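The values are calculated or read from the model by the stated rules, or taken from the named source; none is laboratory data. The structure presented is a predicted model; accordingly, all values stated were derived computationally and were not measured. Note: ideal-geometry Cβ built from the backbone for every residue, glycine included; neighbour counts use all protein chains shown. Note: areas computed on protein heavy atoms with side chains; ligands, DNA, RNA excluded. Shrake-Rupley method; radii C 1.70, N 1.55, O 1.52, S 1.80 Å.
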Amino acid sequence: MMEENLTYEKAFAELRTISAEIENETISVDELAAKVKRASELIEFCQAKLKSTEAEVVKIISSMENPKE
């Protein structure tokens, strides 16, 4: 479950950290599964955030192009 105050920027930064740890092989085998699971949760969160933001922007642009009279 994601934290309530998690932002796209925080999630992306954490993903970059996890990625760097994996690339640099600084994660122990014992931690690897947990880090990969967390990364998948963060990716899912970021994708959902991008989709909801896109939908909101489309809605705003649509209302600007077709103002209610």
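What to note about this one:
- Of all the listed residues (6, 32), the sole one being surrounded by 10 or more Cβ atoms within 10 Å (Cβ to Cβ) and part of a loop (DSSP other than H, G, I, E, B) is 6.
- Considering the stretch 9-29, and only residues there that are hydrophobic (A, V, I, L, M, F, W, C) and surrounded by 14 or more Cβ atoms within 10 Å (Cβ to Cβ), the residue that is farthest from the chain's Cα centre (by Cα) turns out to be 27.
- Inside the stretch 40-59, residues that are within 12 Å of the chain's Cα centre (by Cα), open to solvent by 80 Å² or more (accessible area, probe 1.4 Å) and farther than 16 Å from residue 13 by Cα make up a count of 1.
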